[in-house]
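Quick notes on the structure that follows.
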């Protein structure tokens, strides 16, 4: 069987459920979550349609450049998914952009004019990309992916020439990538995550997420889509972990298939189970009462059917610095312990009545929160219309509390889109503004939304960019697959339109000091799903970013803030002992300020930065 | 149960038969198309030449699935007026939107290829009066020779659901929608067993999405049913 479930067993389990009539029980409505409501005056409403000439709305961003797809990936008329640009990864002055028919290497030395360094043709979908030093990893999932990278497809149901899994390239010469190896996997690779082990410099690991059906064992030995009851080696309820020996990456192989989704019975927290269980308990009580009145006994609970739960994950974001991963796994968001990267272990699973398909995860830099996205409709459907529920196809933010997840709030793109624009929450990354949790996120044809989720119950949009639909009458697949911050700019991978670069523009929501502080964080390489810990170098502008934030939230009186700014200015102009003493004195004053501030956390951050400046 | 299995087998046979008839299709290229100068085509040139192959099985799948989805829309349309609980309302609200959007996708895919395109929801006046429809109105024109697609409710089952109210409606809705979705998974399974089917990137993505979304929704509905079933002394987490 290619598909996971024995459908017969499922249906039998269901049909054997005994039912008895009872009165309707009203469910307790769940508390109303915070969602930014759309405004009819939003500039994103009513933009004109077009492929490369659509109307645009921009707020608190500056478009630095837009770059059409490389000729090999640019058809004369929109071609749907076969030429879709997908995810991004970064190495040095290059961005590598997946395409369902290969990948593009962009030279971003000059972000105002990105140039194509290479357009590598290799069909496979989704071509999710990651880098590690001189290695590039590319996901292959579809049936038409070939070992030889040909684009003609492969029509055999069982084929020795098919590639579904991870392709490995040597990008030592990045303008001429060399295809050196591949690892075949049972469901292919929809996406993957490179996992670095702080304790193992000799290997890296790749978590493979496959969301397509399991391939036949005749094509890849050992692949089983049977239920775990039928076959203990079932591929279901597991992820595949590839070990890549860095000394010999061609020897990469699947090292484990941890069953991180096994035995996921009752939902452990939030949403579905609490709400549904309350309703169910009430209903049950009423049914029992009715049965008692009628002199009947309740039917026995039916025997357990085949195992339920998510059979696979979509994206897994790992945060090695804190030893955790957030797995977005179909109907659940799971928290994983990845301190032993080859053997991740599930700590907790959350569900949510409003979530259709858990898609991706982003941790706050301090690791205290995690934001999950719901890709309701798979990204190909228009789910940001004014008629679409603002809690559906949104982000849900959770606080991580002793290895469990506490729900705080939702965030959905606040501007309604048309029905010819595919739109739902998709890939984003943190923007390293110290003291705040800010991220840029792609919403397909909904554009890019930059928002602040420092207060997890009240996320707030602070910048955006949006284009009108490809076409006003028909939905053509397009829009941003991902929007990621990398070394000072926001890069957007546009499915049909190419590759766009943006800068943050200062505003009341984000000052120049905060932007400049964000630009201090530098990566040599960046895979967003291998989330790096953001660390800021000690700098006056970081202190000033905190001062600006205290000004914004009235964390200190304006007189105090003005004095702090003056002291910082004096210290920066001074040197030696003068500077040290000015800063040391300021830090001590700030320690006192923190005790009476309404935002003492931030005053302490500022005091710490000032103290670090004094010690520099 | 055996009825559904028989239908599945019939559909499988239909898809295989359909695939066999594709041999003559010029679009079913088995090797890379080569332009006149003998240089291999780029992916963009291949797209412009409309050289991406699809099979009769892909077409039959889309046509059949449109009818399959239309029935789910009809079922979901009864939820607001049949005394459903809040969790079922939430679930059905999403099913309603999702299956309508997917019907629109399948219609776009078929129309772009100039294939016959069913439109079973065309009779809707405003799209807001589903509950007023008779159970049978959504059942006309099953496609594929008026055979029920796997998992689709029989006219008797539709009548039974339409007649139910309150908790009984909830239970039947969940039970029948699980049956319905399970049939969609069978349809995907049968399509993927046809040589050359789902080579088109949009088709592959669509059937993968149907597979994952409906597997996820089946799991959700089974848990909802189990919660209704669970005896109160087993307790619920606060």
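The values are calculated or read from the model by the stated rules, or taken from the named source; none is laboratory data. What you see is a predicted model; the values in this text were computed from it and never measured. Cβ atoms come from the backbone with ideal geometry, glycine included; neighbour counts cover every protein chain shown.
Residue under question is residue B:196, and the condition is that it be buried (at least 24 other Cβ atoms within 10 Å of the Cβ) and modelled with pLDDT of 95 or more; does it hold? Working first, answer last.
Values: buried (at least 24 other Cβ atoms within 10 Å of the Cβ): yes; modelled with pLDDT of 95 or more: no.
In short, no.
The set of residues from segment A:348-380 being in contact with a strand residue (DSSP E or B) (Cβ under 9 Å, 6 or more places away or on another chain), touching a residue at least 60 places away in the same chain (Cβ under 8 Å) and assigned to a loop (DSSP other than H, G, I, E, B) comprises A:351, A:352, A:354, A:355, A:364, A:365, A:375, A:379, A:380.
Determine, yes or no, whether residue A:212 is in a loop (DSSP other than H, G, I, E, B) and surrounded by fewer than 24 Cβ atoms within 10 Å (Cβ to Cβ).
Against the criterion (in a loop (DSSP other than H, G, I, E, B) and surrounded by fewer than 24 Cβ atoms within 10 Å (Cβ to Cβ)), residue A:212 does not qualify.
Being under 30 Å from residue A:476 (Cβ atoms), surrounded by 22 or more Cβ atoms within 10 Å (Cβ to Cβ) and at the interface with another protein chain (Cβ under 7 Å from one of its Cβ atoms) is a condition met by at least one residue of segment B:177-187. When you look at residue A:503, is it outside the structural domain of residue A:602 (by TED's automatic domain parsing), within 24 Å of residue A:460 (Cα to Cα), in contact with a helix residue (DSSP H, G or I) (Cβ under 7 Å, 6 or more places away or on another chain) and not in a loop (DSSP other than H, G, I, E, B), yes or no? Answer is no for this residue. Checked against (1) touching a helix residue (DSSP H, G or I) at 6+ places or on another chain (Cβ under 6 Å); (2) facing chain A (nearest Cβ under 7 Å), residue B:219 passes all but condition (1).
Looking at segment A:117-138, can you tell me whether even one residue there is crowded, with 23+ Cβ neighbours inside 10 Å, in contact with a helix residue (DSSP H, G or I) (Cβ under 8 Å, 6 or more places away or on another chain) and more than 8 Å from chain B (Cβ to nearest Cβ)? No, segment A:117-138 contains no residue that is crowded, with 23+ Cβ neighbours inside 10 Å, in contact with a helix residue (DSSP H, G or I) (Cβ under 8 Å, 6 or more places away or on another chain) and more than 8 Å from chain B (Cβ to nearest Cβ).
Just the residues that are in a strand (DSSP E or B) and more than 24 Å from residue A:153 (Cα to Cα), please, taken from segment A:56-87. So that I can check it myself, show each step before the final result.
First, the residues of segment A:56-87 that are in a strand (DSSP E or B): A:56-59, A:61-67, A:85-87.
Across segment A:56-87, the qualifying residues are A:56, A:57, A:58, A:59, A:61, A:62, A:63, A:64, A:65, A:66, A:67.
Assessment of segment B:83-91 against the conditions (closer than 30 Å to residue A:102 by Cβ, within 11 Å of chain A (Cβ to nearest Cβ) and not in a helix (DSSP H, G or I)) yields no matching residue.
Would you confirm, using the coordinates I've provided, whether residue A:64 is surrounded by fewer than 24 Cβ atoms within 10 Å (Cβ to Cβ) and either in contact (Cβ under 8 Å) with a residue 12 or more places away in the chain or within 8 Å of chain B (Cβ to nearest Cβ) (or both)?
On the way: surrounded by fewer than 24 Cβ atoms within 10 Å (Cβ to Cβ): yes; either in contact (Cβ under 8 Å) with a residue 12 or more places away in the chain or within 8 Å of chain B (Cβ to nearest Cβ) (or both): yes.
For residue A:64, the condition - surrounded by fewer than 24 Cβ atoms within 10 Å (Cβ to Cβ) and either in contact (Cβ under 8 Å) with a residue 12 or more places away in the chain or within 8 Å of chain B (Cβ to nearest Cβ) (or both) - is met.
For segment A:192-210, does any single residue satisfy the condition of being at pLDDT below 95 and farther than 23 Å from residue A:532 by Cα? There is at least one residue in segment A:192-210 that is at pLDDT below 95 and farther than 23 Å from residue A:532 by Cα.
In segment A:479-495, which residues are surrounded by 23 or more Cβ atoms within 10 Å (Cβ to Cβ) and at negative phi? So that I can check it myself, show each step before the final result.
Keep residues of segment A:479-495 that are surrounded by 23 or more Cβ atoms within 10 Å (Cβ to Cβ), which gives A:479-485, A:490-495.
The answer is A:480, A:481, A:482, A:483, A:484, A:485, A:490, A:491, A:492, A:493, A:494, A:495.
Going by what's in this entry, would residue A:243 be described as more than 14 Å from chain B (Cβ to nearest Cβ), surrounded by fewer than 16 Cβ atoms within 10 Å (Cβ to Cβ) and modelled with pLDDT of 60 or more? Judged against the criteria, residue A:243 is not a match.
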